[in-house]
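Report on the structure given below.
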Amino acid sequence: MEQAILIDSSSYDNKAAIAEAFGRAAVSYDKHAAFQRDVGERLLAKMPQDLTGKTVLDVGCGTGYFSFELLKRGAHVICFDLSEQMLDAAQSRCGSDHVTYQQGDAEKLPFETNSVDYVFSSLALQWCQDLSVPMREIRRVVKPQGSAYLSTLLDGSLNELKQSWAKIDSYQHVNEFISANQVKIALAQSECHEHQLDLAAITVWYDTAFALMRDLKGIGATHVDGRASGLTSRKALMRVEQEYQTYRNHQGLLPATYQVCLGVIHL
């Protein structure tokens, strides 16, 4: 899913907060989602070029950027997202031919067993507290001999931002992500035994830490589990900016590094 990245979904309240944050970001999302598009394009490259006659479920479709790409390959696409506003944005992009829209939760897919040929889900499933839960659902809805194409963030993502904040206060400003080994365990628990996982470190370069934080806000990353309540002071943000300077390279740019898992699961 080309979606926000700093949200935890361990409870119903958090899922409501996710949907609300995504809804607020639906208008600004595409402007700030260069990293999400990069990951999604890498994942899309693993899929068949010709999807004519195939049904693809896009779990966490966001504004429908990759749903539209799947449509261009001939697929019937089911745009699925937690946020109604994101689905509205997807519908504006993708229209009504060969596409349907469904709001819901990846942990409880409202689709019949063996009803889709493929699942595409880029940067969506890291919100699930137990990855094996949505994976069981994906395995259930995909037809025999079908496949799922998934990307998720791993531990170590945004470590520069995390370490900079750690020098300012003791609150959590960047959510924790699972390890590659935990991904493998979740796949085993959901009986998704045949898979290939590619691990990639992707670095996005910024002029300032503020620019990174603007992107995170612009994609809806406004709810972090365990963070302090209330607004972050400008003084604290200035201190983060100062601490982040230790990562500046010889070209004067600041890195934001993401650890990404791209997986192809044969079902």
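No lab work stands behind these numbers, since they all come straight from the coordinates. Computed from a predicted model, the values in this text were never measured in an experiment. Don't worry about glycine lacking a Cβ; one is built from the backbone with ideal geometry, like all the others, and counts go over all protein chains shown.
General remarks:
- Computed from point charges on the beta carbon alone (+1 for Lys and Arg, -1 for Asp and Glu), the dipole magnitude for the chain about its Cα centre is near 420 Debye.
- GNM result for the chain, Cα springs below 10 Å: residue of ALA21, ALA200, ALA89 fluctuating most strongly: ALA200
- Segment 129-169: trypsin sites (Lys or Arg not before Pro) in DSSP loop, at most 13 other beta carbons within 10 Å: LYS167
- Peptide packing: for 250-256, 78-84, 178-184, 209-215, the average count of neighbouring Cβ atoms within 10 Å per residue gives the ranking 78-84, 209-215, 178-184, 250-256, highest mean first.
- Centre separation in Å (Cα based) which lies between segment 12-59 and segment 178-193: 22
- Residue among LEU187, LEU237, LEU109 with the largest mean-square fluctuation in a Gaussian network model of the chain, springs linking Cα atoms under 10 Å: LEU237
- Taking GLN91, GLN145, GLN163 in turn, the Gaussian network model of the chain (Cα-Cα springs below 10 Å) assigns the largest fluctuation to GLN145.
- Segment 238-267 and segment 149-169 have their alpha-carbon centroids 8 Å apart.
- Listed cross-link partners LYS46/LYS72; LYS46/LYS108; LYS162/LYS217; LYS15/LYS54 are compared with a 22 Å cut-off, the Cα-Cα value being larger for LYS46/LYS108; LYS15/LYS54.
- Per-residue ellipticity at 222 nm from helix content only, as computed over the chain with -39500 (n - 2.57) for each DSSP H run of at least four residues, stands at -10500 deg cm²/dmol.
- As computed over the chain, the Cα convex hull volume per residue (Å³): 120
- Cysteine residues of the chain whose Cβ has no partner cysteine Cβ closer than 4.7 Å: CYS94, CYS128, CYS192, CYS261.
- Partners for LYS31 among aspartates and glutamates (Cα-Cα distance below 13 Å; same-chain residues under 8 apart left out): GLU2, ASP215
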